[in-house]
Amino acid sequence: MPVQPVGVGVIVLPPIFGGIRFVAPIHVGSLVEVEAKVIYTGNSSMHIALEVNACDPKSLNRRITTHCIVIMVAVDQNGQSERIPKWIPETEEDKRQHDSAIKLMEMRKQIGEEMQIFVE
């Protein structure tokens, strides 16, 4: 599916980085590649899976170093949430990742409710 622009004058803010996993170090001199993929969209939010890979330029051995999910929220110039185009999963992998994003949202909600005792 081609990438669609969010809208003119729309700002996208990253309010949540979730489940950051540091798998392996990135060594000085390594080539670094960051791959981003939309896995869910709400009315004004988008969940993006990030994967960071590093490659030794001499051996060309490529390995995953970090992965996480970033949730971005589109807002207008006044800071109000802005509607974004709906992303529809097409492949089986897209559908699995979409379902996973929904499960993670439910888990974050439960964790937020449990953590409420620390902010009251």
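As a test, work out the antiparallel percent of DSSP beta bridges whose residues both lie in the chain, rounded to the nearest 5. Don't skip to the answer; put the middle values down first.
Details: 30 of 30 bridges.
Bridges in the chain are about 100 percent antiparallel.
Taking 0.36 nm per residue of sequence separation and subtracting the Cα-Cα distance, how much length would be gained by fully extending the chain between Arg96 and Ala36, in nm to one decimal? Walk me through the numbers before you get to the answer.
Numbers: separation 60, 0.36 × 60 = 21.60 nm, distance 1.62 nm.
Additional length available on full extension: 20.0 nm.
Quick one: dipole size for the chain, taken about the Cα centre, charges +1 on Lys/Arg Cβ and -1 on Asp/Glu Cβ, in debye to the nearest 20. Walk me through the numbers on the way to the answer.
Values: 12 positive and 15 negative charges, 51 e Å.
Charge dipole, the chain, about its Cα centre: 240 debye, nearest 20.
Mind checking which lysines have their Cα closer than 28 Å to the Cα of Lys86? Skip sequence neighbours fewer than 8 apart in that chain.
Lys37, Lys95, Lys103, Lys109
From the phi angles alone, apply the Karplus equation (6.51, -1.76, 1.60; θ = phi - 60°) to segment 94-104 and give each ³J(HN,Hα) in whole Hz, x where the residue is Gly or Pro.
4, 5, 5, 5, 4, 4, 5, 4, 5, 4, 5
Apply the Karplus parameterisation 6.51 cos²θ - 1.76 cosθ + 1.60, with θ equal to phi minus 60°, to every residue of segment 31-36 and state each ³J(HN,Hα) to the nearest whole Hz, in sequence, with x for glycine and proline.
Residue by residue, segment 31-36 yields 7, 10, 10, 10, 10, 10 Hz.
Could you run the Karplus curve 6.51 cos²θ - 1.76 cosθ + 1.60 with θ = phi - 60° over segment 112-120 and give me ³J(HN,Hα) per residue in whole Hz, x for Gly and Pro?
Running phi through 6.51 cos²θ - 1.76 cosθ + 1.60 with θ = phi - 60° gives x, 5, 5, 6, 4, 5, 7, 10, 7 Hz.
Can you sort Val73, Val119 by how many other beta carbons sit within 10 Å, fewest first? Let's see the in-between values first.
Details: Val73 18, Val119 6.
By the 10 Å Cβ count, ascending: Val119, Val73.
Go through [x] -0.42, -0.49, -1.55; [y] -0.58, -0.67, -1.26; [z] -0.55, -0.60, -1.17 and flag the label whose value is the computed log10 I(q)/I(0) by the Debye sum over Cα atoms at q = 0.12, 0.13, 0.23 Å⁻¹ for this structure.
So the calculated entry is the one marked [y].
Can you list the residues, at least 5 places off or on another chain, whose amide H is less than 5 Å from the amide H of Tyr40, using H built in the peptide plane?
Under 5 Å from the amide H of Tyr40 lie the amide H atoms of His47, each far enough along the sequence or on another chain.
Once the dipole of the chain is set up with Lys and Arg at +1 and Asp and Glu at -1 on Cβ about the Cα centre, which of Asn43, Ser81, Ile102 lies farthest towards its positive end?
Result: Ile102.
Long-range amide H contacts for Glu82: which residues qualify at under 5 Å (H placed 1.01 Å from N, peptide plane, sequence gap of 5 or more or a different chain)?
Ala74, Val75, Asp76
What order do you get for Val75, Val32 when you list them from fewest to most C-beta neighbours inside 10 Å? Can you show the working numbers first?
Values: Val75 15, Val32 11.
In increasing order of surrounding Cβ atoms, one gets Val32, Val75.
A short reminder: the numbers here are calculations on the coordinates, not readings from a lab. Everything numeric here is computed off the predicted structure, so don't read it as measured data. Here the Cβ is made from the backbone with ideal geometry for all residues, glycine too, and neighbour counts use every protein chain on show.
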